[in-house]
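See below for the structure under consideration.
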């Protein structure tokens, strides 16, 4: 194959693998297949941890994991090959190296590594670590989804408002924990005997997780705890509303962009 033929093939592969490079809306068949394989790989990694299912089928799971790993390794190699076609890296002196050190490329590599240990030994903790590492494959789905890019844009557009909201949440948590510590430290020293312990209670209360065995018992503690719980509901509604509005705006911009692309294609 000549240089021109290789460049033409590389360009076609680039348009097939990169959603942003496609002229037609939606995902390519390759990315649709990769999405299914990612979900299968994650499901396999989860099911493999259940002894009642995986017991006696270790070789089957290892073969499946190894096969999926080879596919993802080929995908990783293909993305390195087509990196020179991406305008974000093409101007770099070493475009493939520039792509290889990006977060998404590192995630791709880390998601492939556990497959190399499918037939290997190792301690239980090591194997568990690599099983958990395989969950990174879910992050690969973001590459094939424009909605994921819209979510990133939504967070970026409202980064100042969200930062202010989280700062308010942090201050409220510190204040709530400190007040409950002041009210409950003598009555429940093992649970509220320090500000860090009280702040931990404040965090799980603010996030509505809650512990049934940890709660204020003094009148002042109940008062502060009740006020803090109500405040937490109100404060958590702030970033939710900000993000929902921004996400809606980002999706609208993406829809308008797809309409313009379709009109230009015609």
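Tabulated data for the structure shown
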| read-out | value |
| --- | --- |
| Sorted by Cβ neighbour density within 10 Å, fewest at the top, the residues 222, 191, 91 | 91, 222, 191 |
| Gained length - residue 104 relative to residue 57, 0.36 nm times residue gap less alpha-carbon distance | 13.7 nm |
| Förster-model FRET efficiency, 35 Å R0, residue 81 and residue 170, C-beta, rounded to 0.05 | 0.20 |
| Additional length obtainable on full extension of the chain from residue 155 to residue 9, 0.36 nm per residue less Cα span | 48.9 nm |
| Added length on full extension, which subtracts the Cα-Cα distance from 0.36 nm per residue, residue 71 to residue 29 | 13.6 nm |
| Least to most buried among 164, 235, 34 (fewest other Cβ within 10 Å first) | 164, 235, 34 |
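None of the figures in this text is laboratory data; all of them are computed from the coordinates on show. Quick caveat: nothing in here was measured; it's all calculated off a predicted structure. So basically every Cβ, Gly included, is an ideal-geometry build from the backbone, and we count neighbours across all protein chains shown.
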